[in-house]
Amino acid sequence: QVHVVESGGGLVQPGGSLRLSCAASGNIFSIYAMGWYRQAPGKQRELVATINSGGFTNYADSVKGRFSISGDTAKNTVYLQMNSLKPEDTAVYYCNTDARVLQYGDYEDYWGQGTQVTVSS
């Protein structure tokens, strides 16, 4: 019903920058919100940043001032600009889309496959 694809991950040095992209496609009627989550080895998946249809953003305390989330509603795409990266930012980053496929259907969560971000010297 909804396909979510992330891209832009890779290996960067501490202090470097990376820009992640996420595109949602398929039989989408509307999207309420999109966001980024991450999961490091041995840890639970955690929220990084979200943005809703009204443009309201939310960030984890650990990334405030360093990461910025933005979106292109016409393309059902969300971006995550990551600056001043730290080794502790190393994780698999997942894109989440809160969407519905029918006008009066329920909103459901759809997840991408994840993209690896490694911060190391």
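The values are calculated or read from the model by the stated rules, or taken from the named source; none is laboratory data. These numbers were taken from a predicted model, which means no experiment stands behind them. Please note: Cβ atoms are built from the backbone with ideal geometry, for glycine as well, and neighbour counts cover all protein chains shown. Note: areas computed on protein heavy atoms with side chains; ligands, DNA, RNA excluded. Shrake-Rupley method; radii C 1.70, N 1.55, O 1.52, S 1.80 Å.
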Subject >> Ranking by accessible area, most exposed first, for I31, I69 with a 1.4 Å probe >> reply: I31, I69
Original post:
Extension gain K43-L102, at 0.36 nm per residue separation less the Cα-Cα distance, in nm?
Top reply: 17.7 nm
Subject >> Kirkwood Rh in Å, taken over all unlike Cα pairs in the chain >> reply: 14.5
**OP:** Pop a pseudo-label 7 angstrom from the Cα along the beta-carbon direction at both D72 and H3 and give the gap in nm to one decimal.
**Re:** 1.8
Original post:
Given S84, A23, V63, which one lies farthest toward the positive end of the charge dipole of the chain, if we put +1 on the Cβ of every Lys and Arg and -1 on the Cβ of every Asp and Glu?
Top reply: S84
Subject >> Within the chain: Cβ-based charge dipole about Cα centre, in debye rounded to nearest 20 (Lys, Arg +1; Asp, Glu -1) >> reply: 280
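Which of the peptides 79-91, 50-62 is most tightly packed, and how do the rest follow, judged by the mean count of other Cβ atoms within 10 Å per residue?
Packing proxy ranking, top to bottom: 79-91, 50-62.
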Original post:
Full extension from S121 to S53: what is 0.36 nm times the residue separation minus their Cα-Cα distance, to one decimal in nm?
Top reply: 20.7 nm
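Compute the signed sum of charges (Lys and Arg +1, Asp and Glu -1) over the other residues within less than 14 Å, Cβ to Cβ, of S17.
Value of the local net charge: +2.
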Original post:
What trypsin sites (Lys or Arg not before Pro) does segment 1-71 have in DSSP loop regions with at most 11 other beta carbons within 10 Å?
Top reply: K43, K64
**OP:** First measure r as the distance between the Cβ atoms of Q13 and S62, then evaluate 1/(1 + (r/R0)^6) with R0 = 22 Å and state the FRET efficiency to the nearest 0.05.
**Re:** 0.70
